[in-house]
Amino acid sequence: SSPFAPERALVGLDPETGAERGRVVLSDGLDPELTEARLAGPPVLVEGVVVVVAIENDQTKRTLVHHLLGYDAHSGERLWATPLASTGLRPYSELLSPSDGLATIAGDVVHVTTLGAVARVEARTGRLRWVREDPVADRPRVGAPPAPWRFQVPALTASRLVVLAPGRREVLSLDPDDGTLRASARAQRFDSPHTLHVVGDTLVAVTDRRL
């Protein structure tokens, strides 16, 4: 299929045989508020709950909403849906770029949306533990999802959560317990990386051409 095609189904597979055990399709009408949504990025499994990002593009209301969805890993039942950020759309505007991937920490997930928010959410209930707003001045506009090696996931050190800010202009060091900003640096200092990784006690910034 085309790299621009929306992902609409979440499929569960048997880990031993690869046989399909069930699937959830966002456009099946079971979740009316998510009929126009598409999945974005890989899901994560946390304490029996599959958490995935969904982007709802409502052309009628001209709004774009980023949700986190939680599904029971065994039954496929949707347990919760938590909207994290939204914005209005101009007529005929392009889709905004997909959000970052999900990081897991002590039964929670951490997510950075390209609409200007960083949030920590309890995986079992969808309850927001904290959310940090970081307004995006120039929203990125791309059609295709990023290549796998450019898919940013928040990085966790022993005591800090390190993320690329939603606008990609800063690297933020946050307190994972409450989202408080502890330190920041211009992304240009690290050659404006696509992804950040923690190796031991070292932060590694990855660009197209160098580490």
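The values are calculated or read from the model by the stated rules, or taken from the named source; none is laboratory data. Everything quoted here is computed from the prediction, not taken from an experiment. Here the Cβ positions follow ideal geometry from the backbone for every residue, glycine too, while neighbour counts run over all protein chains shown. Accessible surface areas use protein heavy atoms only, side chains included; no ligands, DNA or RNA. Shrake-Rupley method; radii C 1.70, N 1.55, O 1.52, S 1.80 Å.
Summary table
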item	result
Derived scalar couplings ³J(HN,Hα) [segment 161-169; Karplus, 6.51 cos²θ - 1.76 cosθ + 1.60; whole Hz; x for Gly, Pro]	10, 10, 9, 7, 4, x, x, 6, 9
In segment 172-211, the trypsin sites (Lys or Arg not before Pro) that fall in loop regions by DSSP, at most 16 other Cβ within 10 Å	R209, R210
Phi-based couplings in Hz for segment 172-189 (Karplus 6.51, -1.76, 1.60; Gly and Pro marked x)	10, 10, 10, 6, x, 6, 9, x, 4, 6, 9, 6, 8, 8, 5, 4, 4, 4
Heavy atoms of H197: accessible area, 1.4 Å probe, square angstrom to 10	80
T35-I105 pseudo-label distance in nm [points 7 Å out on the Cα-to-Cβ vector]	3.8
